[in-house]
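See structure below.
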Amino acid sequence: MPSDRGHRSNWDERQFAWMKKRERFLPRAYQQFGIEVRSAHDALVSGKSDERIWYHLERAHIVSQVSASRHLGIHFVMFFFAIMKCDFKEIIGQIPRMILAVPSSFFGKAPSGNTGRSKMSMFASKPVPRDLEGILK
């Protein structure tokens, strides 16, 4: 009986294409991720507004979606920041996001432009900010 081990299904081809595309922009996304996380940290340490901190965390989330580990990590950061601020809605909203972060990134199903906050549906997409657009394409 012939083996079809060398044969790729349509799913394999799509997944392979996604992984190859992701390899092109990972270094730029990782660099921008670091910039945004550092900016959020600096804003926190210097006493900037919560909105400014969330702004940088949201931007870090947008670029983190190409990496399962960074995507999960930014949701943990958002979760702990929500705890610091006693924002119970955000705390509860981050729990399912932490569960779904790894599979959605791994399979390339994370909605583009999603900010990662509980005030936005986990499944909704929105336009990626222009300055981040070039990093993710």
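FYI, it's all coordinate maths here, none of it is from the lab. Treat the numbers as computed from the prediction; the structure is a model and nothing was measured. Here Cβ is always computed from backbone atoms with ideal geometry, including for glycine, and neighbour counts include all displayed protein chains.
Give a residue-ordered list of calculated ³J(HN,Hα) values for the stretch 112-126 (Karplus: 6.51 cos²θ - 1.76 cosθ + 1.60, θ = phi - 60°; whole Hz; x for Gly, Pro).
5, x, 5, 7, x, 8, 6, 6, 10, 4, 5, 9, 8, 9, 8
Counting pairs of alpha carbon atoms under 8 Å apart in space and at least six apart in sequence, what relative contact order in percent does the stretch 13-133 give?
The normalised contact order for the stretch 13-133 reaches 22 percent.
On full extension of the chain, what length is gained from residue 45 through residue 69, given 0.36 nm per residue of separation minus the C-alpha to C-alpha distance?
Numbers: separation 24, 0.36 × 24 = 8.64 nm, distance 2.48 nm.
Between residue 45 and residue 69, full extension yields an extra 6.2 nm.
Mind giving me the nanometre distance, one decimal, between the label points for residue 28 and residue 52, set 7 Å out from Cα along Cα→Cβ?
2.8 nm
Tell me, what HN-Hα J-couplings in whole Hz come from the Karplus equation 6.51 cos²θ - 1.76 cosθ + 1.60 at θ = phi - 60° for each residue of the stretch 62-68, using x for Gly and Pro?
Working through the residues one at a time gives 4, 7, 6, 5, 7, 10, 4 Hz.
Which entries of 85/137; 48/119; 89/137 have Cα-Cα distances beyond 25 Å here?
Exceeds cut-off: 85/137; 89/137.
Between residue 123 and residue 102, what length in nm is gained on full extension when 0.36 nm per residue of separation is reduced by their alpha carbon distance?
Details: separation 21, 0.36 × 21 = 7.56 nm, distance 1.42 nm.
Stretched out fully, the residue 123 to residue 102 stretch lengthens by 6.1 nm.
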